[in-house]
Amino acid sequence: MDFTAIDFETANGKRASVCAVGMAKVRDGEIVAQTSWLIKPPQGFDHFDNRNIAIHGITKADVTDAATWVESAARIRNFIGDDFVVAHYAPFDKSVWKQASEWSGVDFGDFNWFCSRDLAKAHLALPDCSLPQVADALGITGLEHHNAQSDSLVCAQVVLAIAKRAGVSSWVDLQTVTPSKSALSKSGRAYAASTSIKKNDLPEPNMEADPTHELFGQGLTITGGFELLSRMQAFELAASFGAKVQLGTTLKTSILVICSENPHAPGFALDRGSTKAKKAYKYITERGQQIRLMSESEFYVAVGMAPNSIIQLQPVEEEESTAQENLEVLGTSVNTKDRSPKTIAFENPIDSYPISTQSSPAQFNTEESDGSLTSHEFIATSDLQENIKAVITEEGMTPPTSITRRFRRISLSVLAWFLVLATAFSLLCTAAGYSFDAVAGTTFLIFSALLGLGSYFAFRAAKRK
């Protein structure tokens with residue numbers, strides 16, 4: 001059995017904030033090599049949270065002269081080669097590898113990932129499959145939890161111990177004796193995309209995640225499609241932070257991620273959205289259920305794919321919105337008016353949205369409350385540039401004021417109602433025309449249909465404005 005076990009540690013709640021790595025290489029069922037080192041987190045993700053320091057003991061001073069992620073990613077790729085990669089709770093380590101690379105502008109490819117935690121859940125009757133509990137159940141000693149080298153070594157030992165208990169010595173044989181709901185898919189890849197997600201496919205929440213994180217313990221469901229993730233990838237990321245992911249809106253739903261449009265935009269109407277959105281609206285209005293509406297960008301921030309400042313790339317005008325006010329009155333946690341945006345000075349604003357490994361980084365600075373400037377590095381995403389152009393002030397242009405927007409809305413509403421009246425008059429003429437001549441009646445009927453279509457689009461435009 002050949003594979004490499006890996007463990008990452010992070011400086012804060014963002015997955016790109018990698019600060020340490022440990023790896024253990026296995027050949028023919030024996031651990032033949034180990035390595036570990038500290039890493040300087042990518043720029044913009046290098047803040048060390050006290051909670052993370054308390055967990056792994058690594059501070060910012062420790063990584064001052066450490067290798068960068070670009071250097072580290074190359075070393076990791078060379079050490080692993082073409083091996084299968086095993087991690088205890090693999091969605092976490094997989095997302096660290098991916099996001100640190102994307103935010104650093106490098107691409108060393110991906111691996112075939114397997115999860116020793118899922119493997120333990122499939123083979124061991126344990127109520128808690130955290131690494132210390134699994135190691136203790138298998139008689140593995142010497143674990144220094146959250147030391148990257150120790151965690152990767154014990155992770156490798158866990159896989160070998162489970163394989164030995166099952167009487168197998170290869171991945172193929174291990175797959176054969178592993179219950180179907182496990183880390184190993186029939187294709188041999190751990191996280192292959194699926195066209196249809198069933199309830200049994202949903203990842204379970206990571207109860208070892210930070211209990212203070214905004215997703216921990218939340219019932220989360222998604223409507224619409226992500227620009228940067230598959231639905232299953234989004235579920236796995238949310239579950240890794242302790243979220244209880246759901247296929248639909250239920251009485252246990254507390255977060256609804258809306259990807260198709262910005263739920264904080266003026267004029268957004270939850271009751272005219274998707275089936276999940278309409279159900280959320282019903283629960284909010286009829287049961288007083290607390291459901292937070294989360295945009296796609298806010299989700300990226302929550303799972304560590306972007307710093308908090310990315311939300312300011314999509315500002316929302318402070319304008320009265322009946323639908324939004326209704327939701328606030330009904331008790332949702334959505335409140336766009338309480339945001340205090342930072343001043344952002346873009347060097348290249350159009351190319352500042354994440355994430356692409358095929359683009360060059362763009363720099364921007366955010367002005368903090370103390371007046372200092374913090375530099376961040378973003379990687380451009382061509383698929384989303386049109387969205388960014390729509391919300392960032394272009395050179396030589398200014399966004400419409402609230403008065404201008406209101407004037408446009410009123411004008412379009414007046415036009416829409418005028419067309420409605422014209423349609424009604426035309427229908428009367430149609431009836432009269434048919435009583436005299438079929439050709440005249442048909443002409444008025446066609447004219448009525450055109451007027452009706454015009455009024456429909458005028459109403460829609462008024463609503464958007």
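The values are calculated or read from the model by the stated rules, or taken from the named source; none is laboratory data. Remember, it's a predicted structure, so these values are computed and weren't measured experimentally. Quick reminder, even Gly has a Cβ in these numbers, built from the backbone with ideal geometry, and neighbours come from all protein chains shown. Side chains included, ligands, DNA and RNA excluded: accessible areas come from the protein's heavy atoms. Shrake-Rupley method; radii C 1.70, N 1.55, O 1.52, S 1.80 Å.
Do you know the relative contact order of segment 16-119, to the nearest whole percent, from alpha carbon pairs under 8 angstrom that are 6+ apart? All intermediate terms of the calculation are to be shown ahead of the outcome.
On the way: 135 pairs, mean separation 28.2, N = 104.
Computed over segment 16-119, the figure is 27 percent.
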Practice item. Measure out, as a whole number of angstrom, how far apart the alpha-carbon centroids of segment 12-75 and segment 193-245 sit. Key: 25 Å
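Normalised by the residues of segment 23-82, what does the relative contact order come to in percent, with Cα pairs under 8 Å and at least six apart?
Working: 43 pairs, mean separation 18.9, N = 60.
Computed over segment 23-82, the figure is 32 percent.
Taking a ≥ b ≥ c as the square roots of the Cα gyration tensor eigenvalues, with a/c under 1.5 meaning rounded and otherwise prolate when a/b beats b/c, else oblate, which class fits segment 122-161?
Cα axes put segment 122-161 in the prolate bin.
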Review point. What nm value, rounded to one decimal, do you get for the distance between LEU126 and THR212 when each label is placed 7 Å out toward the C-beta?
Key: 2.8 nm
Revision key, fill the gap. Phi angles of segment 245-255, converted by Karplus (6.51 cos²θ - 1.76 cosθ + 1.60, θ = phi - 60°) into ³J(HN,Hα) in whole Hz with x for Gly and Pro, give 6, 9, 7, x, 7, 10, 5, 9, 6, 10, 9
Check your understanding: Taking a probe of 1.4 angstrom, what is the accessible area of ARG75 in Å², to the nearest 10?
Key -> 110 Å²
Check your understanding: Each residue of segment 438-452 in turn: what ³J(HN,Hα) in whole Hz from Karplus with 6.51, -1.76, 1.60 and θ = phi - 60°, glycine and Pro shown as x?
Key -> 5, 5, 4, x, 5, 4, 5, 5, 5, 4, 5, 5, 5, 5, x
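Once fully extended, how much extra length lies between PHE447 and ASP46, figured as 0.36 nm per residue of separation less the alpha-carbon to alpha-carbon distance?
Numbers: separation 401, 0.36 × 401 = 144.36 nm, distance 6.42 nm.
Going from the current span to full extension adds 137.9 nm.
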Check your understanding: Residue by residue, what Karplus-based ³J(HN,Hα) values in Hz, rounded to whole numbers, does segment 28-45 have, using 6.51, -1.76 and 1.60 with θ = phi - 60° and x for Gly and Pro?
Key -> 6, x, 10, 6, 10, 7, 9, 7, 6, 6, 7, 10, 7, x, x, 4, x, 10
Review point. Over 31 Å between Cα atoms, which of LYS60/LYS244; LYS98/LYS282; LYS94/LYS282; LYS60/LYS121; LYS198/LYS279 qualify?
Key: LYS60/LYS244; LYS98/LYS282; LYS94/LYS282; LYS60/LYS121
Exercise for review: Any chance you could run the full-extension gain for GLU286 through ARG272? It's 0.36 nm times the residue separation minus the Cα-Cα distance, nm to one decimal.
Suggested key: 3.4 nm
Point to revise | Furthest towards positive pole of dipole, VAL70, ASN12, SER101, structure part segment 1-125, Cβ charges | key: ASN12
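Please express the shape of segment 1-129 as an equivalent ellipsoid: the semi-axes are the square roots of 5 times the eigenvalues of the C-alpha gyration tensor, given largest first in whole angstrom.
25, 18, 13
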